[in-house]
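Engineer: Quick one: the structure is below, and I'll ask about it shortly.
Read-outs throughout are calculated quantities, based only on the coordinates presented, and are distinct from any laboratory measurement. Just so we're clear, the structure is a prediction, and the values are computed from it rather than from any experiment. Because the Cβ atoms are built from the backbone with ideal geometry, glycine has one as well, and the counts that use them run over all protein chains shown.
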């Protein structure tokens with residue numbers, strides 16, 4: 001699949017930003033019909049997005065749109081306008097505030113019907129945001145809800161609100177983390193990660209609100225990468241280089257992975273069951289970690 005280290009969100013009501021976003025180095029760009037668009041501008045934003053999907057150069061990326069939540073009064077019209085107006089070109093729909101697998105089932109059935117009615121020659125993929133207590137609680141059943149799914153996305157701001165967690169800005173550390181003594185979002189992030197991996201899906205972290213705070217962004221991205229996440233949302237193009245860097249294996253990581261595979265295959269050839277590189281023991285689990293590192297590197301365009 002196309003890499004998804006950096007995911008740039010662009011308000012659907014700001015068409016003057018679309019082409020600049022698509023010229024950026026973000027792995028994925030999506031046009032947003034949800035939180036960044038006020039209620040009175042939803043219809044106009046849909047028209048903007050349909051034109052952009054049909055007419056703009058997405059530079060080989062999936063054409064992606066975030067719709068409104070399934071239980072909102074806008075979701076049905078979002079899907080109808082997108083699939084009827086740009087169905088043969090749209091690749092990916094991002095669904096916010098998913099709380100139960102039944103919501104994903106309903107979308108899957110509706111998309112089946114819209115694709116059939118419109119003669120759409122491919123299946124539109126889905127990514128879903130888990131950003132409430134209920135969403136995290138049902139993460140496993142949501143992850144296995146349909147074959148269209150390719151990623152789970154964590155939504156830190158709405159999650160904090162849903163559990164009553166005080167937070168001064170989305171995705172950022174504050175005095176309450178210091179009071180707790182550890183990053184407070186580690187539990188839901190790990191729950192989402194485990195659910196995603198159990199069903200072969202990607203895990204994507206949510207945004208970091210202060211686009212001028214490069215060091216804070218780097219810490220947040222490194223924390224997500226340390227857990228095993230594949231990428232992170234960006235709210236401004238200035239965040240993209242840091243996020244891409246953090247989620248791309250380093251030269252040292254790639255060299256270590258290649259050394260592990262070389263040593264292991266040599267041990268196999270010699271029928272040796274255990275081996276070491278320096279003082280570090282290597283086994284089949286080490287090989288799987290090395291293969292994962294090299295797979296990430298290839299997806300990021302680091303050929304070797």
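Engineer: Quick one: if you stick a label point 7 Å off each Cα along the C-beta vector at residue 211 and residue 292, how many nm between them?
Structural biologist: Each label point is offset 7 Å from its Cα along the Cβ direction, giving 3.2 nm.
Engineer: Let me ask you something else. Relative to the longest principal Cα axis of the chain, at what angle does helix 42-55 sit, 0 to 90 degrees, rounded to 10?
Structural biologist: The two axes meet at around 60 degrees.
Engineer: Run the quick spin-label model on residue 186 and residue 270: label points 7 Å from Cα toward the beta carbon, then report their separation in nm to one decimal.
Structural biologist: Here the modelled spin labels are 4.0 nm apart.
Engineer: With contacts defined as alpha carbon pairs under 8 Å and 6 or more residues apart, what's the relative contact order of the chain in percent? Please report the intermediate quantities before stating the final value.
Structural biologist: Values: 523 pairs, mean separation 45.9, N = 304.
Relative contact order, the chain: 15 percent.
Engineer: Going by alpha carbons, how many degrees (0 to 90, nearest 10) lie between the helix axis of 75-86 and the longest principal axis of the chain?
Structural biologist: Here the helix axis deviates by roughly 90 degrees.
Engineer: Pairs of alpha-carbon atoms within less than 8 angstrom and 6+ residues apart define the contacts here; what relative contact order does the stretch 251-299 have, in percent? Display every interim value, and only then the final one.
Structural biologist: Working: 38 pairs, mean separation 22.4, N = 49.
Reported as a whole number, the value is 46 percent.
Engineer: Does anyone have the angle between helix 186-198 and the longest principal axis of the chain? Alpha-carbon axes, 0 to 90°, nearest 10?
Structural biologist: With both axes taken from Cα atoms, the answer is about 90 degrees.
Engineer: Given springs between every Cα pair under 10 Å in a Gaussian network model of the chain, which of 84, 131, 251 has the largest fluctuation?
Structural biologist: 251
Engineer: Continuing with the same structure: So how do 169-177, 32-40, 185-193 stack up, highest first, on mean other-Cβ count within 10 Å?
Structural biologist: Numbers: 169-177: 15.8, 32-40: 17.7, 185-193: 19.6.
The densest-packed peptide leads the list: 185-193, 32-40, 169-177.
Engineer: Return the whole-Å distance between the Cα centroid of the stretch 213-238 and the Cα centroid of the stretch 24-94.
Structural biologist: Going from one Cα centre to the other spans 24 Å.
Engineer: Within the chain, what percent of beta bridges assigned by DSSP are antiparallel, to the nearest 5? Display every interim value, and only then the final one.
Structural biologist: Working: 3 of 31 bridges.
Once the DSSP bridges in the chain are tallied, antiparallel ones form about 10 percent.
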